[in-house]
Amino acid sequence: KGPNAPLRVNNKGKAWVPQRARPRRNRKSEAVRSMVRENVVRPANFIYPLFIHEEDFEVEIKPMPGCLRHSLPHMLKEVEEAWQFGVRSFVVFPKVPDELKTNYADECYNPSGIVPRAVSMIKERFPDSIVCTDVALDPYSDQGHDGVVQDGKILNDETIMQLTKQVVCQARAGADVVAPSDMMDGRVGAIRDALDSEGFTDVSILAYTAKYASAFYGPFRDALDSHPGFGDKKTYQQDPANGREALLEAALDAAEGADMLMVKPGMPYLDVIRRLKESTPLPISAYHVSGEYAMMKAAVERGWLDERAAVLEAMTCFKRAGADVILTYYAKDAARWLCEDGLV
Ligand code: PBG
């Protein structure tokens, strides 16, 4: 006779712990699991970020194995590859030569600058693609900040004046979505008005609503040589300790005409994604940032993580948290894996 547990023997003489509900029945086969699966990632959910520069060669980005700084022709090849796996959306991040950087970042609205040319190239080859542009001054700023600097301070409204010129330039080049990542107050409304006044009522705004002053952007700043020239970005990007503050930013961005809201970084901020999802009917995007990518790659290189399983799990978790869209350096690989698994 065993210990006194609710163990019985059924009519067939087999061990039986009487209970009617057995959640494992819904996990008994891949067919059942797939029938009741709550969240599924599709390649169309991804936005694929691409680093670009004026050179005619590619440069590997050390802390981001597998990511390159592309020449424009090579960027197009990368877009073509990702397109074959169902990726439809792209965002370009430029590395700008030092001699073009100024405090007012005027190069950001040069119509023959690298970003407008990259946008038109992609749109010409793939008219049905969704080309997004980052709206912020930092790649063009000799201060390494997302805004115009005066006496060590980031000027909010002067910065917005430059951002409105930048978005109009990007829209003229064919951008479908502009994504302000600067975190200045009131920029979404100003950008909406600037676009509308130039006839671009169809250009969408994906607002970096809850962008935190995060240590996880390091590899990105290495990639673009855009580390802050002095201090940090804590007077404009949010304090990682705050969750409720994201709700204020979300309410403002929605009222100012944002079409989608972004949370950045991704995995350490899944709670913020969930809170925004519950507070607004707008679609939510997660940004799986450079540091998160670098951490995974580092563990994979050491053989400590199964890359494919871990990445697809992370993407699914973004969905479960409430993200509709996922901006990730893994977009092409993840889309390929989904295709290979026949999950598209
Ligand atoms: C800057 C910008 C940053 C990222 C996207 N846009 C860096 C920053 O705010 O310093 C980071 C993305 C990443 O780490 O992948 N406007």
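A few remarks follow.
- Test set (1) within 18 Å of residue 50 (Cα to Cα); (2) touching a residue at least 60 places away in the same chain (Cβ under 8 Å); (3) among the small types (Gly, Ala, Ser) - residue 144 fails condition number: (1)
- Residue identified as touching a Ser or Thr at 6+ places or on another chain (Cβ under 9 Å) and at pLDDT 95 or above among 252, 248, 270: 252
- The listed residues are 118, 171, 179, 175, and the only one of them that is within 15 Å of the ligand (Cβ to nearest atom), modelled with pLDDT of 95 or more and surrounded by 22 or more Cβ atoms within 10 Å (Cβ to Cβ) turns out to be 179.
- Selection count, the stretch 40-69, where residues are of a type outside the set (Gly, Ala, Ser), closer than 23 Å to residue 295 by Cβ, surrounded by 13 or more Cβ atoms within 10 Å (Cβ to Cβ) and out of contact with any Cys (no Cβ under 8 Å at 6 or more places or on another chain): 13
- Among the residues of this structure, residue 264 counts as one that is within 16 Å of the ligand (Cβ to nearest atom), in contact with a Lys or Arg (Cβ under 8 Å, 6 or more places away or on another chain) and in contact (Cβ under 8 Å) with a residue 40 or more places away in the chain.
- Summed over the stretch 182-226, residues that are assigned to a helix (DSSP H, G or I), within 25 Å of residue 248 (Cβ to Cβ) and touching a helix residue (DSSP H, G or I) at 6+ places or on another chain (Cβ under 9 Å) total 11.
- A residue that is near the ligand (Cβ under 9 Å from one of its atoms), out of contact with any Pro (no Cβ under 7 Å at 6 or more places or on another chain) and among the hydroxyl-bearing types (Ser, Thr, Tyr) cannot be found anywhere in the stretch 192-215.
- Filter result for the condition that a residue is surrounded by 18 or more Cβ atoms within 10 Å (Cβ to Cβ), modelled with pLDDT under 95 and not charged (D, E, K, R), over 206, 195, 224, 163: 224
- Test: residue in the stretch 79-91 that is within 16 Å of the ligand (Cβ to nearest atom), within 17 Å of residue 177 (Cβ to Cβ) and either of a type outside the set (Phe, Trp, Tyr) or part of a helix (DSSP H, G or I) (or both): yes
- Selected residue [over 22 Å from residue 181 (Cα atoms), in contact (Cβ under 8 Å) with a residue 12 or more places away in the chain, within 15 Å of the ligand (Cβ to nearest atom) and buried (at least 19 other Cβ atoms within 10 Å of the Cβ)] from 294, 314: 314
The values are calculated or read from the model by the stated rules, or taken from the named source; none is laboratory data. For clarity, every value in this text was computed on a predicted model and none was experimentally measured. So basically every Cβ, Gly included, is an ideal-geometry build from the backbone, and we count neighbours across all protein chains shown.
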